[in-house]
Every structure is written in structure tokens, then in C-alpha cells.
1. Would you compute, from DSSP H runs of 4+ residues alone, the mean residue ellipticity of the chain at 222 nm, taking -39500 (n - 2.57) per run and dividing by the full residue count, rounded to the nearest 500?
2. Where in the range 1-107 are there trypsin sites (Lys or Arg not before Pro) that are in a DSSP coil and have at most 13 other Cβ atoms within 10 angstrom of their Cβ?
3. Against the longest alpha carbon principal axis of the chain, how many degrees, from 0 to 90 and to the nearest 10, is the axis of helix 461-475 turned?
4. Less than 16 Å apart at the alpha-carbon level, and either on another chain or at least 8 residues along: which lysines does that give for residue 488?
5. Taking neighbour counts of Cβ atoms within 10 Å as a proxy for exposure, in what order, fewest first, do 328, 119 appear?
6. Working from Cα positions, state the angle (0 to 90°, nearest 10) between the long axis of helix 291-303 and the longest principal axis of the chain.
7. With a cut-off of at most 14 other beta carbons within 10 Å, and DSSP calling the residue loop, which trypsin sites (Lys or Arg not before Pro) in the range 436-502 qualify? Please list them.
8. Treating cross-link reach as a plain straight distance, find the aspartates and glutamates whose alpha-carbon is under 19 Å from the alpha-carbon of residue 329, omitting any fewer than eight places away in the same chain.
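No lab work stands behind these numbers, since they all come straight from the coordinates. If you're wondering where the values come from, they're calculated on a predicted model, not measured in any experiment. Cβ placement follows ideal geometry from the backbone for every residue including glycine, while neighbour counts extend to all protein chains displayed.
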Amino acid sequence: MCGLIGYIGNRPAQPILIDCLRRLEYRGYDSCGLALLGDGIQVYKDQGKVAELQRGLSLNNERTGIGHTRWATHGRPSGINAHPHLDCAGQIALVHNGIVTNFLRLRQQLTQEGHIFSSETDTEVIVHLIEKYYRGDLAEAVATALGQIEGSYAIIALQTGPKKLVVARNESPLLIGLGDGENFAASDAAAILDYTDRVVYLEDGDIGVITDREITIANNGHEVSRQVQQVPWTQEEAQKTGYEHFMLKEIHEQPRVIQNTLRGYLSAIEPVAPEIAANGDIAQVLLLGCGTSYHAALVGKYLLEKLAKVAVRAELASEFNYHDTLLSKTWAIGITQSGETADTLMALRKAKSLGCKTLVITNVVGSSATRIADEAFYIKAGPEISVAATKSFIAQLVAFYLLALAWARIDTSSRERLMAELRLLPNKVQQLLDGQDDIAELGEYLSRYDNAFFIGRGINLPVALEGALKLKEISYIHAEGCAAGELKHGSFALLNPHTPVVAIGAQDNTYDTLLTNIKEIKTRGTPVIALAAEGDREIDKLVDHVIWIPGTTPLLSPVVNSVALQLLAYYAARKRGYPIDQPRNLAKSVTVE
Ligand code: M6R
């Protein structure tokens with residue numbers, strides 16, 4: 001959730017750190033800070049955004065430093081709780097992402113030993129432990145200190161004296177970026193793309209020492225070599241390129257994203273899941289994810305059951321971790337854009353330990369999930385910076401279409417028809433984007449309300465859940481996604497003229513019942529916005545507003561419908577004037593349970 005950056009090299013560190021912190025801000029943005037290493041360590045940190053921190057800085061020429069953007073877990077957002085944290089002597093500085101679960105006990109013990117704590121954070125115990133064990137070698141002290149720590153961490157530390165950074169990771173992402181006469185450490189590659197695209201992903205238990213000329217990595221006391229990888233993203237992809245918000249840019253990228261995900265897979269569907277498609281040994285599929293990725297899993301469940309005729313369970317990763325479960329002959333699939341969501345990683349580990357074969361559908365090459373799962377399916381959506389997931393959701397859906405097609409037990413002509421429709425999807429989404437003015441108007445209309453319902457049936461029920469999540473996440477309008485048939489079982493009590501309902505339709509076997517549900521809702525004087533296929537003349541007569549959706553086969557309707565709901569949420573939030581890319585209290589990747 002927090003963003004980490006470290007720089008050591010031949011250029012002034014301060015502007016580079018600030019630049020990288022800006023790019024990391026989507027990971028956490030309630031406070032930030034940096035430490036620069038000269039003869040001593042200078043720390044600048046405060047509550048608020050990187051731009052505010054930068055305003056308070058004067059020019060500094062030091063060539064080594066570390067920085068942090070915070071998403072508070074222990075201790076409220078404040079200047080004191082912001083990272084970097086220092087030891088008592090002010091000779092060691094540290095930034096951290098993760099959670100130290102045994103910090104209270106360690107803090108008590110260190111306090112008794114005379115260490116003075118200034119913040120409420122769990123992080124501060126790490127720097128005091130390093131101080132306690134320091135005997136002249138920072139990396140050794142870090143290794144001993146981390147031996148006492150329970151929980152997850154990615155850390156970057158520096159110390160007065162010889163210029164170097166010491167890095168370490170356990171269950172939180174961290175990589176080293178390789179430059180020319182300079183090196184970086186960062187919690188994700190998007191932060192350093194302006195400087196280098198050559199990176200080394202650290203493994204759990206790795207402790208690295210970085211100077212401007214070399215890096216060494218050890219694990220369990222033994223030196224190890226880690227592969228240098230090229231980041232498959234461009235700088236341009238990680239920037240706004242003229243759009244007002246990353247979210248809008250990412251929504252607009254979707255036609256190309258769909259093409260990218262399809263490319264290479266569609267012409268050769270078999271390689272997508274070779275053994276699995278042929279494997280009669282799998283009795284059920286278990287889909288695990290959180291938030292938007294969970295909604296993609298719900299669509300995936302529908303597709304796999306319909307096309308592959310296999311039993312599928314979709315579970316919230318955060319819940320799966322806490323119940324006893326029977327898994328025999330199960331293929332477990334984790335769905336996670338970032339590949340770093342703590343609950344999903346835990347769920348994948350648990351499924352693996354229960355003997356499941358595992359796959360992860362992810363956007364991030366080298367992410368933690370790819371190291372846990374047996375196989376990875378990369379959705380190729382490019383960097384997603386806005387906290388609200390948009391293009392990664394659509395790419396996850398496309399991944400499920402491909403997977404279901406690879407495994408489909410349907411006749412050849414049905415398969416070919418579906419593949420042909422899939423190829424048309426980028427154009428359908430583009431058509432929708434080209435006509436977005438009407439959706440923008442409806443978004444502004446929706447911004448006037450404090451509550452809304454989203455209803456759908458069948459394969460569009462997850463779309464309703466996702467539409468509600470998107471709206472509340474960025475516009476702070478309370479929204480509830482609900483199965484259309486469930487509304488009458490309780491939520492109906494809340495319907496009134498001030499609570500609009502967004503009804504998501506598709507021309508499938510749910511259509512007629514959805515129309516009946518809409519009629520029932522209208523009897524309460526409730527405004528209804530319907531998503532309907534172009535040319536649908538029936539729904540038009542029943543509802544207050546229609547968002548016309550370019551026609552596609554009902555099975556693919558979740559893609560176009562979801563893009564329309566993303567735009568609806570975006571324009572509602574924009575009208576309300578909220579910080580769309582960084583909604584309050586949220587962070588892009590939730591690396592704590
Ligand atoms: O990186 P992941 O896909 O594992 O993230 C899961 C959720 O945290 C994420 O989808 C979240 O719900 C989004 N902010 C929704 O827009």
C-alpha cells in the first residue's frame with residue numbers, strides 16, 4: 001500500500017526521489033517523506049501530498065536518498081508518523097511497506113532497553129532493532145533485526161558513512177532498478193520507468209546491498225543471483241498524456257487493451273491452458289480475488305460453467321483464508337491486477353498447500369502472486385495508476401473468455417461465432433467511448449443523489465456489483481449492487497424518488513424478468529437508468545433514461561456494460577469535484593490483510 005523509493009548515483013537525489021514519489025503516490029497518499037544522505041541524514045516529511053512536501057524543500061545536492069508515500073495502518077496520518085523513521089542516534093533511516101505484527105511486544109522490549117520512540121508506527125521498531133544489532137555492518141544488522149520481525153515488509157535503509165542502500169523483502173513487493181552509474185530501489189517498476197527499465201525483482205528473504213556501481217543480494221546468509229528483467233511497460237503508458245485523470249485515460253485505453261490481451265492468445269487458444277483443457281482430472285475450479293478482481297471472478301464463474309461445463313466456486317480471498325474447506329481435484333485461480341493483494345496471496349498459498357494446481361491471472365510481471373502460483377496468465381493491460389480498476393477489469397474478463405473458450409465443450413460453430421464476436425469487442429467499446437457525451441450527462445445527473453442501486457441478472461449481476469463499487473469508490477455516493485430478483489426481499493424498502501436505480505440489461509433469458517423488475521421499481525416513483533442494447537424499443541418506454549450499448553452477444557455484454565458504468569461513475573465523481581485517481585482512504589494495492 002505504501003510506496004518506497006531509493007536512489008544512489010551521480011545525480012542530485014532530491015528531484016529524482018520527488019519525481020518517483022509522485023509516480024508512487026497512487027499506492028498511498030496520506031503522508032510522505034524523504035531522507036537525504038550527506039555527512040549526516042536530513043529528513044523531510046509531513047502529512048499530505050508529495051507536491052506539498054516539495055514546496056517545503058530547498059535545493060540539496062546529496063546523491064543518495066530514500067523516500068516514502070504512506071497509507072496509514074498504525075497511527076494516524078501525520079508528520080511524525082510519516083516515513084522515513086530514524087534510530088535514536090539519527091544515524092540510520094528507514095522506509096517500510098508492510099505490517100509488523102509483533103511490534104507491540106518489540107516496542108515494549110526496546111523501550112525497556114532505553115530506545116525512545118517518537119511515532120505510533122509499527123515501522124519504527126525495525127529501525128530501533130537495526131540500531132540495537134548494529135556492529136559496523138548495516139546489512140548484517142538488518143538481517144539480525146529482521147530475524148525478530150513477524151509480518152510482512154519491504155524496506156530500504158541507509159546510514160551515515162559509506163554511501164549504500166540496504167534493501168530487504170518479505171511478502172511485500174520490492175525491486176532494484178539498474179541504471180548507468182546509478183541504481184534504484186522501488187516498490188514498483190512504474191515509479192522508475194523514466195530512469196531505467198532494467199530491474200531485478202527481490203524474492204522473500206532477500207537482503208540486498210546497493211551502491212552506485214553494483215548490487216549484491218543474499219538470502220539466508222548466502223549470496224544469490226537474481227535475473228535482470230526488462231519492464232514490459234513504456235514511460236508513456238505510465239503517464240496521463242493529456243487526459244484530465246488517469247482513470248479517464250485508462251478507460252480510453254480499453255479497446256487497445258482488449259486487443260493486447262486477445263493478441264497472441266486468440267489465434268492459438270490452446271496454449272492458454274494446455275494441460276488443463278485436456279485434463280480430465282479437475283473436478284472443480286476455485287476462483288479467488290478481492291474487490292474488482294472478485295467481480296471478474298464472478299463473471300468467470302458464469303463463463304466457465306456455461307462454456308466449459310465445469311463446477312466453479314468464486315470466493316472472496318479474504319474469506320477463503322478463514323474457513324475450512326474441502327478441495328479435491330481443484331484448480332485454484334487467483335485474480336489480481338497488482339499480484340500483490342495480501343488476501344489473494346494468502347488464499348493462493350492456502351490453495352496450494354491443500355494440493356491444488358494454481359494459476360494467477362495478473363497484470364504485473366514478476367509480482368508476488370506469479371511466484372506463488374504454478375502458472376501465470378498475463379492480462380497485458382499496461383500500468384494502471386488510477387486507484388479505481390478499469391482496464392484491468394476488462395482485461396481480466398477477456399482472460400476469462402479465453403480460458404473458457406480454451407476449455408469449452410461446445411460445438412465448433414458456436415466457438416467460432418464467439419471468437420468472431422470477441423474480435424469485434426474493441427470496436428464495440430470504441431463506439432461506446434465515441435458516444436460518451438450522453439453518459440457524461442447522466443453521470444452529472446447521478447451526482448445529485450446520495451444513494452443508488454445497481455441491479456442485474458445472470459452474467460450481468462457481477463457487472464451491477466462492479467458498477468456500484470466504482471460509483472461509491474470515486475464519487476462517495478452510497479451505492480449498492482443487487483441481484484434484480486433480490487431487491488424485493490428487503491432493499492425495496494429503501495426505494496423512493498431520491499434513490500435512482502441503474503438496471504443492466506442484456507438480450508438473454510433474463511431480459512423479460514428484468515423488465516418486470518423495472519416495472520415494479522417504477523411503481524415506487526424511483527428514477528431508473530437502464531443500460532440497453534441499441535435498438536431495444538421496449539425498455540425505452542419503461543425507464544427515465546437509457547444508456548445505449550453497442551449490440552454484442554449477451555455473453556460478451558459485461559464488457560461493454562462495464563465500460564459504460566465506469567464512465568457513469570467517472571462523470572459523477574468529476575461533477576462532485578473529488579480527487580478521482582486517489583479517492584480518500586484508499587490505496588491501489590492492498591498489501592495488508
Ligand atoms: O490488485 P488486485 O486486483 O488484487 O486488487 C483488488 C482490489 O483491491 C481492487 O480491485 C479494488 O477493489 C479496486 N480499487 C477497485 O476499483
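1. Rounded to the nearest 500, it is -10500 deg cm²/dmol.
2. none
3. Value to nearest ten degrees: 50.
4. Counting by Cα, and skipping residues close in sequence, residue 488 has these lysines nearby: 519, 522.
5. Final ranking by Cβ density, sparse to dense: 328, 119.
6. Here the helix axis deviates by roughly 40 degrees.
7. Numbers: sites: 448, 457, 470, 472, 488; in loops: 448, 457.
Loop-located and lightly packed - 448.
8. Qualifying aspartates and glutamates at Cα under 19 Å: 275, 281, 305, 315, 374, 375.
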